[in-house]
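In what follows, a structure is listed as structure tokens, so that the remarks can point back to it.
The values are calculated or read from the model by the stated rules, or taken from the named source; none is laboratory data. Please read these numbers as outputs of a predicted model, since none were measured by experiment. All Cβ positions, even for glycine, are placed from backbone atoms using ideal geometry, and neighbour counts span all protein chains on display. Surface accessibility is based on the protein's heavy atoms, side chains included, excluding ligands, DNA and RNA. Shrake-Rupley method; radii C 1.70, N 1.55, O 1.52, S 1.80 Å.
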Amino acid sequence: MKHFRILSATLFATLLFASCSSDDDTPEPVNEEEVITTMTVTLTPEGGGTAILLQSRDLDGDGPNAPTITVSGSPTAGSSYNGTIVLLNETETPAENITLEVEEENTEHQFFYTPSGSLNITTEYSNFDDDGNPLGTQFKLNTGDASNGTFTVTLRHEPNKPNTGLGDAGGETDIEATFNVTIE
């Protein structure tokens, strides 16, 4: 009987310590998706001149109102432009610059540029992620002959990298905006 009590006490103590052990089961913090209300694409002519601004602004997010799309200026035929993209969350005051987060998490993001219609442009990436794959917050845009059509800018979250373009990138779209552009 004495051995039974000692064995019971030992078993109880073992179970007590095991249940109170400090397992390292702390859940990882959730990295919530960024809220992006505004995308501004700035096209600055190489050699100087007036910049062209393309902006999509959707202050109600997934609400009932469509984004407000504005285009100020037109690219010139046979020209080159340095493009930059700024993303903002304007639901906060002051507005949060989401571009900084995208650049910090560069291996998890990629911009894609898609001309359609008869729009005669080409693009090439100017900045890259930590693995040497395209990021695209900076890019070069070259225009051909006078033409018009749409220019769509898409930001993908967790795309397959490397990829051959938007078609095989996978991932989820963080923001996409389509601009009517006329090359003069």
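Applying the set (1) modelled with pLDDT of 55 or more; (2) within 27 Å of Glu158 (Cβ to Cβ) to Glu28 leaves exactly one unmet item: (1).
Please go through the stretch 103-114 and give me each residue that is open to solvent by less than 60 Å² (accessible area, probe 1.4 Å), without any contact (Cβ under 8 Å) to a residue 40 or more places away in the chain and under 15 Å from Tyr125 (Cα atoms), ordered by number. Matches in the stretch 103-114: Asn106 only.
Only one of Gly132, Gly149 is more than 16 Å from the chain's Cα centre (by Cα), free of Cβ contacts under 8 Å to residues at least 40 places away in the same chain, part of a strand (DSSP E or B) and more than 18 Å from Thr38 (Cα to Cα); which? Let's see the steps before the verdict.
Details: Gly132 fails: part of a strand (DSSP E or B).
Every option except Gly149 fails the conditions.
So that you can scan it fast, the table gives a plain yes or no per residue for (1) among the hydroxyl-bearing types (Ser, Thr, Tyr); (2) touching a Phe, Trp or Tyr at 6+ places or on another chain (Cβ under 8 Å):
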| site | (1), (2) |
| --- | --- |
| Glu105 | no, no |
| Phe112 | no, no |
| Glu124 | no, yes |
| Phe128 | no, no |
| Thr143 | yes, yes |
| Thr154 | yes, yes |
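Scan the stretch 62-75 for residues that are in contact (Cβ under 8 Å) with a residue 40 or more places away in the chain, of a type outside the set (Ser, Thr, Tyr) and open to solvent by 40 Å² or more (accessible area, probe 1.4 Å) and the total you get is 3.
Only residues that are at pLDDT 95 or above, among the polar types (S, T, N, Q) and either assigned to a loop (DSSP other than H, G, I, E, B) or within 19 Å of Asn120 (Cα to Cα) (or both) were counted across the stretch 62-76, and they come to 3.
Please state which of the following conditions Gly78 fails to meet, knowing it meets all the rest: (1) open to solvent by less than 60 Å² (accessible area, probe 1.4 Å); (2) farther than 17 Å from Phe179 by Cβ; (3) not β-branched (Val, Ile, Thr). Among (1) open to solvent by less than 60 Å² (accessible area, probe 1.4 Å); (2) farther than 17 Å from Phe179 by Cβ; (3) not β-branched (Val, Ile, Thr), Gly78 violates only (1).
Checking the condition outside any strand (DSSP E or B), within 12 Å of the chain's Cα centre (by Cα), loosely packed, with under 15 Cβ neighbours inside 10 Å and hydrophobic (A, V, I, L, M, F, W, C), which residue from Leu100, Leu59 passes? Outline the logic, then answer.
Values: Leu59 fails: within 12 Å of the chain's Cα centre (by Cα).
Step by step, each of Leu100, Leu59 is checked, and only Leu100 is outside any strand (DSSP E or B), within 12 Å of the chain's Cα centre (by Cα), loosely packed, with under 15 Cβ neighbours inside 10 Å and hydrophobic (A, V, I, L, M, F, W, C).
Among the residues in the stretch 167-176, are any within 25 Å of Glu105 (Cβ to Cβ) and assigned to a helix (DSSP H, G or I)? Steps first, answer last, please.
Let us first name the residues in the stretch 167-176 that are within 25 Å of Glu105 (Cβ to Cβ), namely 167-176.
Retained after the next criterion (residues that are assigned to a helix (DSSP H, G or I)): 167-168.
There is at least one residue in the stretch 167-176 that is within 25 Å of Glu105 (Cβ to Cβ) and assigned to a helix (DSSP H, G or I).
Criterion applied to Leu119, Leu141 was being in contact (Cβ under 8 Å) with a residue 24 or more places away in the chain, under 15 Å from Leu54 (Cβ atoms), over 12 Å from the mean Cα position of the chain (by Cα) and not in a strand (DSSP E or B), and the one residue passing it is Leu119. With respect to the conditions (1) open to solvent by 20 Å² or more (accessible area, probe 1.4 Å); (2) not small (Gly, Ala, Ser); (3) not in a strand (DSSP E or B), Glu124 falls short on a single one, namely (3).
Within the stretch 160-171, residues that are charged (D, E, K, R) reach partners that are in a loop (DSSP other than H, G, I, E, B) with beta carbons closer than 6 Å, at six or more positions or on different chains, in the pairs Lys161/Asn133. Note on the stretch 150-165: residues that are over 18 Å from Asn106 (Cβ atoms) and surrounded by 16 or more Cβ atoms within 10 Å (Cβ to Cβ) amount to 1.
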